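**Q** A single structure is presented below for examination.
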Amino acid sequence: MYKLMLLNEKGGVGKTSLAVHVAAWLAERGYKVMLIDADAQRGGATGYCGYKQAPGVYDWLVRGEVNPVVVENSIYWLLRGNVETSLIADALKRLEGVDVGGRFDLLSDWGVVIIDTGPTPSPLNAELLKAVDGVIIPTEPEFGAFASLGQTWEHCQNAGCDVVGIVPTMTCNTVLHRQNVESLRANFGGVVLPAIARRIAWAEAWQTRRYVWDMGDDMAAGECIEIMKMIEGSIQNG
Ligand SMILES: Nc1ncnc2c1ncn2[C@@H]1O[C@H](COP(=O)(O)OP(=O)(O)OP(=O)(O)O)[C@@H](O)[C@H]1O
Ligand SMILES: [Mg+2]
């Protein structure tokens, strides 16, 4: 099983959008995929997939029960989140002998586990980070986002976790964004994946619970699929 976490300790950078797309992309290619909505604040992945919030992640980590729903338009599984996700870290402290890494053994039927996380640094994110195989960090190429990127990168390094890719997201065709993407490449090298431009297809896909490659925008689809193939390659090698 390969465990991939979408992480950036900044909100609105595209974590949920990418998590859902990676899950759907891999599912459509025959992988058995579990998407985990570990965002206590927003429940983004749960909403994207069209479900009401529920304590799926709490049940898994605290009670050791796996109750996923099946996301039908692409056939992957979803462990839903709700406000109780924020109680998990405290609950785990009270339960002796439960560690987050061990809870992944309950998901051994799945070939790939994708974890969407919330933007606030939390003990839950820290525990998940220790247990996963790789991290994707989406980031806007803007000065205001670089401090969070640096912090997120440092947390990955401290946890000994492999950063599979930094994805510049919502890029615009401006001098500033082009320079900032170059600056990302200068600082982080080959780990910076091709950029995903700001395009309305991403918002439309969410609103209609579809995926960018089905939205009839060839540019948006091409950029998305290029990233999906690179992430799939990393998972195959990982
Ligand atoms: N490439 C893009 N172009 C235009 N809009 C985008 C793009 N990627 C994501 N969006 C939109 O930006 C918003 C934020 O994206 P998303 O929710 O995926 O970010 P997030 O990092 O998960 O946010 P949060 O930290 O709040 O959970 C959403 O409305 C989404 O539809
Ligand atoms: Mg989100």
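Every number in this text was worked out from the coordinates using simple rules, so none of it is lab data. Since this is a predicted model, take the numbers as computed values, not measurements. Cβ atoms come from the backbone with ideal geometry, glycine included; neighbour counts cover every protein chain shown.
**Q** Would you mind computing the Rg to Rh ratio of the chain from its alpha-carbon coordinates, Kirkwood style for Rh? Mind dumping the intermediate values first?
**A** Numbers: Rg = 16.8 Å, Rh = 17.8 Å.
Checking Rg against Rh, the ratio lands at 0.95.
**Q** By average Cβ neighbour count within 10 Å, what is the ranking of 12-20, 94-102 from highest down?
**A** Values: 12-20: 24.4, 94-102: 11.3.
Going by the mean number of other Cβ atoms within 10 Å, highest first, we get 12-20, 94-102.
**Q** Order the peptides 114-125, 216-227, 181-192 from the highest to the lowest mean number of other Cβ atoms within 10 Å of their residues. Numbers along the way, then the final one.
**A** Values: 114-125: 22.2, 216-227: 16.1, 181-192: 13.9.
So the order, starting with the most tightly packed, is 114-125, 216-227, 181-192.
**Q** What spacing in nm lies between the two simple spin-label points modelled at Asn67 and Glu142, each 7 Å away from Cα in the Cβ direction?
**A** About 3.9 nm separates the two model spin labels.
**Q** Lysine pairs, Cα distance under 29 Å, 8 or more residues apart or cross-chain: how many in region 2-237?
**A** 22
**Q** Quick one: length gained pulling Val191 to Asn173 fully straight, 0.36 nm per residue minus the C-alpha distance? Don't jump to the answer; show the numbers that get you there.
**A** Numbers: separation 18, 0.36 × 18 = 6.48 nm, distance 2.17 nm.
Once the chain is fully extended between Val191 and Asn173, it gains 4.3 nm.
**Q** Which percent, nearest 5, of DSSP beta bridges in the chain are antiparallel? List each step's numbers first, then the result.
**A** Values: 3 of 29 bridges.
Rounded to the nearest five, the antiparallel share is 10 percent.
**Q** Please name whichever of Val164, Leu18, Ile75 sits farthest to the positive end of the charge dipole of region 2-237, dipole taken about the Cα centre and charges placed at Cβ: Lys and Arg +1, Asp and Glu -1.
**A** Checked the options; the winner is Leu18.
**Q** Over region 2-237, what is the relative contact order in whole percent, taking alpha-carbon pairs under 8 Å and six or more residues apart? Please list the in-between numbers first.
**A** Numbers: 439 pairs, mean separation 55.6, N = 236.
24 percent.
**Q** With a Förster radius of 30 Å, plug the Cβ-Cβ distance of Asp214 and Ala91 into 1/(1 + (r/R0)^6) and report the FRET value to the nearest 0.05.
**A** Numbers: r = 39 Å, r/R0 = 1.29.
Rounded to the nearest 0.05, the efficiency is 0.20.
**Q** Quickly work out the Met1-to-Asp99 label distance, labels modelled 7 Å from Cα along the C-beta direction, and quote it in nm with one decimal.
**A** 1.6
**Q** Right, another one. Just to confirm my numbers, what's the Cα centroid distance between region 41-108 and region 145-202 in Å?
**A** Taking the Cα centre of each part, region 41-108 and region 145-202 sit 28 Å apart.
**Q** Evaluate the charge dipole of the chain about its Cα centre and quote only its size in Debye, nearest 20, assuming +1 on the Cβ of each Lys and Arg and -1 on the Cβ of each Asp and Glu.
**A** Working: 20 positive and 28 negative charges, 37 e Å.
With only Lys, Arg, Asp and Glu charged at Cβ, the dipole is about 180 debye.
**Q** Mind checking the dipole of region 149-218: about its Cα centre, +1 per Lys or Arg Cβ, -1 per Asp or Glu Cβ, Debye to the nearest 20? All intermediate terms of the calculation are to be shown ahead of the outcome.
**A** Details: 6 positive and 7 negative charges, 28 e Å.
The dipole magnitude comes to about 140 debye.
**Q** Another question about this same structure. Along the charge dipole of region 60-180, which of Ala147, Leu129, Val98 sits closest to the positive end, that is, farthest toward it, with unit charges on the beta carbon of Lys, Arg, Asp and Glu (+1, +1, -1, -1)?
**A** Ranked along the dipole, the leading option is Ala147.
**Q** To continue, here is another question. Which of Val112, Val66 has the fewest other C-beta atoms within 10 Å, and how do the rest follow up to the most?
**A** Numbers: Val112 22, Val66 16.
Taking fewest neighbouring Cβ atoms as first place, the list is Val66, Val112.
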